[in-house]
Amino acid sequence: MVAGISLAREDKSIYLQAEPSTAIENVTVEALEQLFTASDYARSRRRSAAIFHDCYSEMQRYFNSTPKPKIAFKYVIAEDSDARVEIKVADDGMSAEARFSQGEGGLSLSKSQVLQALRNAGVTSGIQRPAIDQLLAHSQGENCHEPLSIVIAKGKRPINGLDARFKPLVDDARKRVLRPQEREGGRVDMRDLGKLVSVNEGQAILEKLPPTKGQHGFTVKGQKLEASDGQDRELSAGNGVVVDPENNLRLLADRVGIPTFNDNSANVDEVLSLTNVDVSTGHIDFTGSVIVSGNVAEGMRVKAGGDITIAGYVDAAELHADGSITVSKGVIGKQLDEHESILAEHEDDDSVATLSTNVVAAGSVWVSYAQYAKLVGHSGVIVDKQTTHCHIVSQGTVCFGGEGKAAKGKLVGGLVETTSDLYCGQMGAPAGAKTRILFLVPNIASPEEIELGSLRTELANIVSHLRKLSVLSHNIQTMEASDRQVQFRRKLQQELPASQARLHEVQARIKELLAIEPPRPQLKAVATKHAYPNVQAEYLQERLRLREARGPTVLLLDGRELRVDSYS
């Protein structure tokens with residue numbers, strides 16, 4: 001160190017001071033820099049890279065021009081800068097970010113400095129106190145020279161209230177048939193559909209969850225964000241249901257029966273419970289649902305306005321339900337004409353055998369297995385194990401032992417008529433049992449067909465109207481001049497051009513629609529494991545018959561074309 005030379009601070013400036021008595025000949029640039037580096041001001045920002053060389057030059061000049069100076073030499077070599085924080089508010093006003101940068105030799109960040117920066121940015125709400133503490137700790141820590149960005153304020157988005165909701169307190173009986181029970185280990189037992197769903201009189205079945213209030217939000221600048229309250233709806237008590245007199249947010253069953261739900265409403269269908277259906281009970285025709293804990297004997301008929309659930313077997317009987325039908329065990333029938341079995345197995349014969357057992361449901365049909373039975377399920381037919389020489393009709397998916405790749409049941413012989421897809425594990429049999437799959441196009445009008453029908457009706461009306469106008473035009477020519485003739489002539493002048501223009505528009509649009517190619521139907525029948533000879537896919541007049549045994553196979557209807565492919 002050189003005697004007489006020191007460093008001092010004034011405001012934000014750091015300056016070097018040399019006393020008049022300083023031995024200038026002992027001063028070097030290196031000595032000046034060493035003095036600064038070893039001082040408490042070493043973190044201050046130097047004014048330039050060559051500041052000590054410039055300071056040395058000015059010092060030499062000062063002492064050489066004044067041999068015996070009386071005033072100390074002063075030269076500013078560095079400046080202090082305090083730590084800084086910048087607040088950046090997001091465009092949507094839902095957050096604010098603090099960006100910290102450390103100063104050089106100046107003061108560390110203070111809490112009052114952070115709060116003032118927030119005020120300057122207009123941030124008044126959602127300020128995160130832990131974020132402020134983290135900023136202050138960083139500015140005083142070992143890594144304070146590193147910049148830091150942190151979310152320092154958060155807005156709150158508005159939360160709209162929930163509309164009134166309606167919570168069933170028991171299972172919906174109509175959903176039970178498609179919900180097999182899960183065993184231990186995660187395996188599904190397709191035969192176990194759970195306990196029969198029924199309720200007792202006075203049992204709570206549907207609960208209303210009232211609408212909730214909306215929670216208003218805010219931006220970090222304190223702007224209120226409005227939230228809407230949930231909409232209210234009332235409970236609706238259907239057949240066999242009443243509002244709980246002690247709690248108007250609940251519906252109670254007013255009778256023993258099977259519960260069904262439709263949003264804010266519930267019904268309890270009457271249930272007829274029987275041990276068996278046989279000659280002792282006679283045929284059953286019931287407006288509600290029917291539960292048979294045993295079997296339906298040969299020759300018996302069961303008709304229900306709701307669901308039919310049979311815990312045992314159906315033997316050469318008829319079941320008809322406006323809901324769904326479940327047969328937990330087997331459905332067994334026979335061919336009524338023996339000679340039909342001989343004809344049906346003939347390769348070129350497409351006759352359909354008459355069967356003794358009919359199971360017909362407006363909903364879905366679920367059976368464990370069936371033989372020589374007709375199964376009709378509008379919404380779908382589900383077979384757990386196997387059908388043998390059955391006639392199946394459905395507008396929904398037909399599944400054997402599962403759907404998609406999970407299908408493992410067997411379709412052996414018989415006829416399936418479907419407007420949807422079919423899934424099974426085995427299709428046909430090694431012995432070559434004739435197994436027919438008839439693809440049908442759903443009888444659902446396309447938007448173009450609906451428009452075409454409407455336009456044809458409109459066209460007929462326009463033509464009829466133009467004929468009336470033509471008659472009116474002829475009558476006007478024969479009428480004597482009068483106010484009435486003027487009135488008719490004005491009507492003709494207004495309506496005739498408009499009707500003619502619309503006629504041309506409708507005719508042009510009909511021509512466009514007739515030129516549109518109808519949609520190509522696409523359906524498939526999948527065998528996930530085996531498909532055997534004498535399996536036949538049919539569509540209109542097209543036929544596709546398998547001539548050899550195959551592994552996983554898919555029979556495809558693509559437009560009007562039938563084709564076979566491997567399934568993976």
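Laboratory data are not the source of any read-out in this text; all were calculated from the coordinates shown. This structure is a prediction, so every number in the text was calculated from the model and none was measured. Because the Cβ atoms are built from the backbone with ideal geometry, glycine has one as well, and the counts that use them run over all protein chains shown.
In straight-distance terms, cross-link reach from residue 154 covers every one of the lysines whose alpha-carbon lies under 30 Å from its own, apart from those fewer than eight places away in the same chain; here that gives 88, 111, 213, 221, 224. Gain on full extension, evaluated as 0.36 nm per residue between residue 484 and residue 156 minus their Cα-Cα distance, stands at 110.8 nm.
Here the alpha carbons of the stretch 84-154 define both size measures, Rg and Dmax, at 11.6, 37 Å.
The alpha-carbon atoms of the chain define a convex hull whose volume equals 428 cubic angstrom per residue.
For the stretch 1-150, the percent of C-alpha pairs falling in each 5 Å distance bin, counted from 0 to the bin holding the largest distance, reads 2, 9, 16, 15, 12, 10, 8, 8, 7, 6, 4, 2, 1, 0. Applying 1/(1 + (r/R0)^6) with R0 = 45 Å to the Cβ-Cβ distance of residue 145 and residue 3 gives a FRET efficiency near 0.85. Quick test of the membrane-span-like rule: which DSSP H helices of the chain reach at least 30 Å along their long axis (C-alpha atoms) with mean Kyte hydropathy at least -1.0? What comes out of the filter, once short or polar helices are dropped, is 447-478, 483-515.
Its Cα gyration tensor gives the stretch 5-79 an equivalent ellipsoid. The semi-axes, each the square root of 5 times an eigenvalue, are 20, 13, 11 Å from largest down.
Grouping the Cα pair distances of the stretch 456-568 into 10 Å bins from zero gives a pair-distance distribution of 11, 24, 13, 10, 11, 11, 10, 7, 3 percent in increasing distance order. In this calculation the C-beta distance from residue 262 to residue 522 is compared with R0 = 45 Å, giving a FRET efficiency of 0.90. The order of the peptides 38-48, 285-295, 52-62 by mean Cβ neighbours within 10 Å, most packed first, is 285-295, 52-62, 38-48. Dividing the summed helix terms, -39500 (n - 2.57) for each DSSP H run of n ≥ 4, by the number of residues in the chain produces a 222 nm estimate of -7000 deg cm²/dmol to the nearest 500. Using R0 = 25 Å, the C-beta based FRET efficiency linking residue 352 and residue 560 works out to 0.65. Compared with the direct C-alpha span, the chain from residue 57 to residue 507 gains 151.9 nm at full extension, assuming 0.36 nm per residue. Aspartates and glutamates within cross-link reach of residue 74: Cα-Cα under 19 Å, excluding same-chain residues under 8 positions apart? Hits, sequence-local ones excluded: 10, 11, 19, 25, 30, 33, 40, 54, 58. Electrostatic bookkeeping for residue 88 treats Lys and Arg as +1 and Asp and Glu as -1; over the other residues with beta carbon under 14 Å from its beta carbon, the sum is 0.
You can think of it this way: the chain between residue 115 and residue 223 has 37.0 nm of extra reach, that is 0.36 nm per residue less the Cα-Cα gap. Listed by chain and number, the lysines whose alpha-carbon sits under 27 Å from that of residue 385, ignoring those within fewer than 8 places in the same chain, are 175, 195, 303, 329, 334, 374, 405, 408, 410, 434, 524, 529. For the stretch 388-524, place one equal point scatterer on every Cα, skip the solvent, and apply the Debye formula. What is log10 of I(q)/I(0) at q = 0.12, 0.14, 0.19, 0.20 Å⁻¹? Results for the stretch 388-524 at q = 0.12, 0.14, 0.19, 0.20 Å⁻¹ read -0.68, -0.79, -1.03, -1.09.
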